[in-house]
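Reading through the structure tokens given below for one structure.
Rule-based calculations on the coordinates, nothing more; no lab input. The structure displayed is predicted, hence computed values, not measured ones. For neighbour counting, all protein chains shown are included, and Cβ atoms are generated from backbone atoms with ideal geometry for every residue, glycine included.
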Amino acid sequence: MIKDYANDSLFAAIIAGSMWKYGNNEESIRPFKSSLSKNSLLYKWLEKSPISPKDNEAAVAHQTKAQKEMYYDGFHPYEAYCSGCHGKNGEGVDIIGPPLAKSEWVTAADRRIPISIVLNGISGPITVNGKSYTFNGPMPGLKDNQIINNGTIANILTFVRNSWGNKADAISTEDVSKVRMADPMILPIKVPLHNPDMSVKPDNTK
């Protein structure tokens, strides 16, 4: 059955994301990968190796010890919940999710922007780093997810905001809590919850 869907972009993203989370090393993934065609989308996804946060210590040198721990703690939740749509290394997945690497939405100076997107979701098209992306469906928000709490979201965002060439302030649990409790209608006008205006850009000047 898996071979039948190995070239389906959504299926490949879901399977690859699960294997990165639970296999998490080349030795455990190799037998499964050997059963796939080398030309399949799933095989190509599994060929890519995630960048360990320990290899990126220079990127978080500006952060406090507590913030660094948040960064490291965000790595595995990112793999489990986000990498299937945004890629192991934040490179994005065609027609599913835009890149997070060098994304102005991720590193926005107004921390409410990335927090609100994670909590409330977003739908395309959206422009990231000068390129427009359109998706098959909207990104679901995590606001009503009973498993992922404010601390986990803060860790994921702190990790994403300081990986793959990104560099930005850490996101605290309190930051997430404030946005979660706020009425979405009073959030910054530059937070596009649905069908974002292509002329609107996140403000990185604050």
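Let me confirm something: among I96, I126, I115, I122, which residue is touching an Asp or Glu at 6+ places or on another chain (Cβ under 8 Å), buried (at least 16 other Cβ atoms within 10 Å of the Cβ) and among the β-branched types (V, I, T)?
From the options I96, I126, I115, I122, the qualifying one is I115.
Hey, does the stretch 110-124 have a residue that's over 20 Å from A170 (Cβ atoms), assigned to a strand (DSSP E or B), among the hydroxyl-bearing types (S, T, Y) and out of contact with any Gly (no Cβ under 7 Å at 6 or more places or on another chain)? Checked against the condition, which is being over 20 Å from A170 (Cβ atoms), assigned to a strand (DSSP E or B), among the hydroxyl-bearing types (S, T, Y) and out of contact with any Gly (no Cβ under 7 Å at 6 or more places or on another chain), the stretch 110-124 yields no hits at all. Note on the stretch 59-71: among residues that are closer than 9 Å to T158 by Cα and not basic (K, R), the one that is surrounded by the most Cβ atoms within 10 Å (Cβ to Cβ) is Y71. Among the residues of the stretch 143-167, those identified as surrounded by fewer than 20 Cβ atoms within 10 Å (Cβ to Cβ) and aliphatic (A, V, I, L, M) are I147, I148. W105 satisfies every condition listed in (1) without any contact (Cβ under 8 Å) to a residue 40 or more places away in the chain; (2) in contact with a strand residue (DSSP E or B) (Cβ under 7 Å, 6 or more places away or on another chain) except (1).
Would you confirm whether any residue within the stretch 145-163 is more than 28 Å from Q63 (Cα to Cα) and either more than 15 Å from the chain's Cα centre (by Cα) or part of a helix (DSSP H, G or I) (or both)?
yes
For the stretch 99-110, what are the residues that are buried (at least 21 other Cβ atoms within 10 Å of the Cβ) and not β-branched (V, I, T)? If the condition is that a residue be buried (at least 21 other Cβ atoms within 10 Å of the Cβ) and not β-branched (V, I, T), then L100, S103, W105, A108 are the ones that fit.
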